[in-house]
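*Asks:* Just passing along the structure, written as structure tokens.
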Amino acid sequence: CLAVDGVVHSALSNKQSVAEKRFAKALDVNPNDAMSWLFSGVNHAFRDESEKAVDFVEQARRLSPIDPLGYLFHSFAAFAHVSAEDYERAVELADKSLDLNARHVSTLRTKLCAHYHLGQHDEMMQTGQRLRRQLPVFNLDEYRKSHPAADYDVGRRMVTALQAAGF
């Protein structure tokens, strides 16, 4: 419950400091809860705390290597690696996520961003086309207003990549 409350504060209310307190409390209560590690890790990635982000999401993946929500673990790990500017690893993890859930648009945005920063224009454009097919209403104004990372470096890098792909 604490981890889910943290997600609400992070993703819906954009109260990152409150979210982090919820995640920390969840990990105090149960240090083996993979979802608490995962959500806390992506919250660190949102705030450009890339080293912590990668450590936390990798701990989550170790704790639950065959989780039925594996696509989410790989997706959040890919975003953490984008935060850390490890774009090659981000593409690998995004591909694993998309193998498990081809319709996860957050993963497509992350993969597009990684391709852009690797200078892989054709791959970026292909991923952008796929994102447009799956979420035709996506626009950058809404992303900037609603995404928890929008005001941080990782969010600005995401916006730059999405603009380069024609969004």
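*Asks:* Can you tell me the orientation of helix 105-117 relative to the chain, as the angle in degrees between its alpha-carbon axis and the longest Cα principal axis, to the nearest 10?
*Replies:* 60
*Asks:* Hey, could you pull the Cα Rg and Dmax for region 86-167, both in Å?
*Replies:* 11.6, 30
*Asks:* Just the number please: accessible area per residue for the chain, 1.4 Å probe, all protein chains included, in Å².
*Replies:* Result: 49 Å² of accessible area for each residue.
*Asks:* Using the Karplus equation 6.51 cos²θ - 1.76 cosθ + 1.60 (θ = phi - 60°), what ³J(HN,Hα) coupling, rounded to whole Hz, does each residue of region 59-69 give in order, writing x for Gly and Pro?
*Replies:* Ordered by residue, 3J(HN,Hα) equals 4, 4, 5, 5, 6, 9, x, 10, 5, x, 9 Hz.
*Asks:* Additional query: Would you be so kind as to identify which of 106, 94, 81 lies farthest towards the positive end of the dipole of region 62-167, taking Lys and Arg as +1 and Asp and Glu as -1 on Cβ and the Cα centre as origin?
*Replies:* 106
*Asks:* Would you list which aspartates and glutamates come within 13 Å of residue 52, measuring only between C-alpha atoms, while excluding same-chain residues fewer than 8 positions from it?
*Replies:* Residue 52 reaches 20.
*Asks:* Moving to a separate point now. On a 0 to 90 degree scale, rounded to 10, what angle separates helix 153-164 from the longest Cα axis of the chain?
*Replies:* Tilt relative to the chain: about 20 degrees.
*Asks:* Carbon and sulfur: what percent of the chain's accessible surface (1.4 Å probe)?
*Replies:* 50
*Asks:* Using alpha-carbon pairs under 8 Å, 6+ residues apart, how would you state the relative contact order of the chain in percent?
*Replies:* 18
*Asks:* Here is a further query. When only alpha-carbon atoms count, how far does the chain stretch along each of its three principal axes, as whole angstroms with the largest first?
*Replies:* Principal axes ranked by extent give 46, 32, 26 Å for the Cα atoms.
*Asks:* Still on this model: Using +1 on the beta carbon of Lys and Arg, -1 on that of Asp and Glu, and nothing else charged, what's the dipole of region 1-79 about the Cα centre, debye to 20?
*Replies:* Here the size comes out at about 160 debye.
*Asks:* If you don't mind, there's one more thing I want to ask. With the Cα gyration tensor of region 39-132 in hand, convert its eigenvalues to equivalent ellipsoid semi-axes via √(5λ) and list them largest first in whole Å.
*Replies:* So the equivalent ellipsoid measures 21, 16, 10 Å along its semi-axes.
*Asks:* Which whole number in µm²/s is D for region 59-99 by Stokes-Einstein, with the Kirkwood Rh taken over Cα pairs at 4 °C and 1.567 mPa s?
*Replies:* So the translational diffusion coefficient is about 131 µm²/s.
*Asks:* Against the longest principal axis of the chain, how steep is helix 16-29, in degrees 0 to 90 to the nearest 10, with axes from Cα atoms?
*Replies:* 50
*Asks:* Follow-up. One quarter of the convex hull surface, Cα atoms only: what value does that give for region 1-67 in nm²?
*Replies:* The number I arrive at for region 1-67 is 3.9 nm².
*Asks:* Can you give the charge dipole size of the chain about its Cα centre, rounded to the nearest 20 debye, using +1 on the beta carbon of Lys and Arg and -1 on the beta carbon of Asp and Glu?
*Replies:* That gives the chain a dipole magnitude of about 520 debye.
The values are calculated or read from the model by the stated rules, or taken from the named source; none is laboratory data. Remember, predicted model here, so these are calculated numbers, not experimental data. No Cβ is skipped: glycine too gets one built from the backbone with ideal geometry, and neighbour counts run over all protein chains shown. Quick note on the areas: whole protein, heavy atoms, side chains included, nothing else; ligands and nucleic acids left out. Shrake-Rupley method; radii C 1.70, N 1.55, O 1.52, S 1.80 Å.
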